[in-house]
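Since the structure comes first, as C-alpha cells, the remarks are kept for the end.
The values are calculated or read from the model by the stated rules, or taken from the named source; none is laboratory data. Owing to the predicted nature of the structure, the values given are computational and were not obtained by experimental measurement. Every residue, glycine among them, receives a Cβ derived from its backbone with ideal geometry; neighbour counts consider all protein chains shown. With ligands, DNA and RNA removed, areas are computed over all heavy atoms of the protein, side chains included. Shrake-Rupley method; radii C 1.70, N 1.55, O 1.52, S 1.80 Å.
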Amino acid sequence: MCAVDKTMTMKDAIASYVHDGDTVSLEGFTHLIPTAAGHEIIRQGRRNLTVVRMTADIVVDQLLAGGCVTKLVSSFVGNSSAGSLGELRRRIEAADPEPLEFEEYSHYGMICRYIAGAQRLPFHPLRSYAGSDLPSVNPGIRKVTSPYPGPDGAPEEIYVVPPVNPDVTIVHAQRADRSGNTQVWGLTGVQAEAVYAAKKAVVVVEEIVEDEVVRSDPNRTVIPSHAVHAVVACPRGAHPSFAQGYYDRDNAFYRSWSHISKDPARLRDWMAEWVYGTRDHAEYVAKQGEGFWAGLAVGEAMSLPVNYGRRL
C-alpha cells in the first residue's frame, strides 16, 4: 500500500488546522522553534487562541503583537537569555492594549501535562511542587491522596497536573518524508509528546527527503507518520532560533528584540515589514539576503553510520 502524501504549503496547513478559538501548541526547545508557522498564523489573522508553549519567547511575543492570543499556558517567559518580551510584559503588567490570561507551570509540570495528554490520562502526579508558590497562583495544580503509602509508610498527598490536549500542535524539525515520518537530532524537547497529545499535528521541516533516507536511520524518527496530519517544507523556518546541522542561532536578533518589542511603535513597524510585509517565509528569507544567511552557516559534525544488521 502506498504511503499517503501529507505535504502542504504553510499557508494551506495553517488555514486547514488552525482556527479562531483553538488551543495551539508550538513546541521546540532552544532550536527548531516554529517561528515561520507563527508568522503565518499572524498573516492569516487568527484570533482568540490559547497558545501552549513551554518556553514562551519571541514567537509568542510576535503572536501577541499580531492580536492572535488571549491566553498563554507556559513554564517560562523571556527572550532566551537576551532580554525581555515587551508585548507580553505590557499585557500582563498593564493590560495594554488588552489583558492576557496567563497559566503558569514548572517545566516538569508542563512535560507531565503533555505526557498525560498523550496517554489520555486524567492527570499526572509529581512531587516537585512541594515548597513552590505555583500551586497558590494556579488552581489547576491540585493534590490527591495517593492509593499507595508514601516513603514513610503513611498516606501521601501528592500534587497532580491536568492533561493538555491541544486542538493542533505545530513543531519544527530537520527532515521528514512525504507521509510525515519526522526525524530530529540535537535537543529533542517534548515535540513527540506534544504531537501525540494533540487532536491534529502539523510538522514543519527544513527539508522533505525520500523514504529511503528515513528508513536508513530509523532511530532518528521521533514522530511517526500516523501522528502527523500535514508536512510543510520550510527551509530556515526556525529563525531566529537554529536548526541543528542547518544554520546557527541569530544571537544579534535575540539581542535586538528587547529593544524592538519595548517600543510599541517600533514593534508595529517591525511587524509591518517582516511579517505582514512578506507573503510567506520564502520572501522573509530572501529579504534577509544570502550574505546574512552565510553568516549563520554551520560546518559539518557528521554522525557515524551504524550497522542495523539484516537477515542473510
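Quick check, is Gly38 in a helix (DSSP H, G or I) and under 13 Å from the mean Cα position of the chain (by Cα)? The answer is yes for Gly38.
Could you tell me whether segment 132-144 includes any residue that is within 21 Å of Pro264 (Cβ to Cβ) and not in a strand (DSSP E or B)? For segment 132-144, residues within 21 Å of Pro264 (Cβ to Cβ) and not in a strand (DSSP E or B): absent. Of the helices (runs of 4 or more DSSP H) lying entirely inside segment 154-267, not one is found with 3 or more residues being open to solvent by 30 Å² or more (accessible area, probe 1.4 Å), in contact with a helix residue (DSSP H, G or I) (Cβ under 6 Å, 6 or more places away or on another chain) and without any contact (Cβ under 8 Å) to a residue 24 or more places away in the chain.
Here's the yes/no breakdown for (1) in a helix (DSSP H, G or I); (2) open to solvent by 70 Å² or more (accessible area, probe 1.4 Å); (3) at pLDDT below 95; (4) of a type in the set (Lys, Arg):
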site	(1), (2), (3), (4)
Val51	no, no, no, no
Asp61	yes, no, no, no
Leu64	yes, no, no, no
Gly83	no, no, yes, no
Leu88	yes, no, no, no
Ile115	yes, no, no, no
Tyr129	no, no, yes, no
Asp152	no, yes, yes, no
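Taken over segment 268-282, the criterion of being surrounded by fewer than 17 Cβ atoms within 10 Å (Cβ to Cβ) and either over 22 Å from the mean Cα position of the chain (by Cα) or assigned to a loop (DSSP other than H, G, I, E, B) (or both) is satisfied by Arg268, Asp269, Ala272, Glu273, Tyr276, Gly277, Thr278, Arg279, Asp280.
Table: residues versus (1) part of a loop (DSSP other than H, G, I, E, B); (2) among the hydrophobic types (A, V, I, L, M, F, W, C); (3) more than 15 Å from His239 (Cα to Cα).
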{"site": "Ala3", "(1), (2), (3)": "yes, yes, yes"}
{"site": "Ala15", "(1), (2), (3)": "no, yes, yes"}
{"site": "Ser25", "(1), (2), (3)": "no, no, yes"}
{"site": "Ile33", "(1), (2), (3)": "yes, yes, no"}
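Summed over segment 283-312, residues that are without any contact (Cβ under 8 Å) to a residue 12 or more places away in the chain and open to solvent by less than 40 Å² (accessible area, probe 1.4 Å) total 1.
Residues being over 28 Å from Arg142 (Cβ atoms) and either open to solvent by less than 60 Å² (accessible area, probe 1.4 Å) or not hydroxyl-bearing (Ser, Thr, Tyr) (or both): count how many of those fall in segment 66-81.
Taking segment 66-81 and keeping what is over 28 Å from Arg142 (Cβ atoms), we get 66-68, 79-81.
Subsequent filtering for residues that are either open to solvent by less than 60 Å² (accessible area, probe 1.4 Å) or not hydroxyl-bearing (Ser, Thr, Tyr) (or both) retains 66-68, 79-80.
Here the count works out to 5.
Among the residues making up segment 23-32, a single one is open to solvent by 10 Å² or more (accessible area, probe 1.4 Å) and either among the acidic types (Asp, Glu) or at pLDDT 95 or above (or both): Thr23. Annotation note: Cβ proximity below 7 Å between a residue of segment 71-90 that is assigned by the TED database to the domain that holds Asn138 and under 27 Å from Pro163 (Cα atoms) and a residue that is at pLDDT 95 or above and of a type in the set (D, E, K, R) (sequence gap 6+ or interchain) occurs for no pair.
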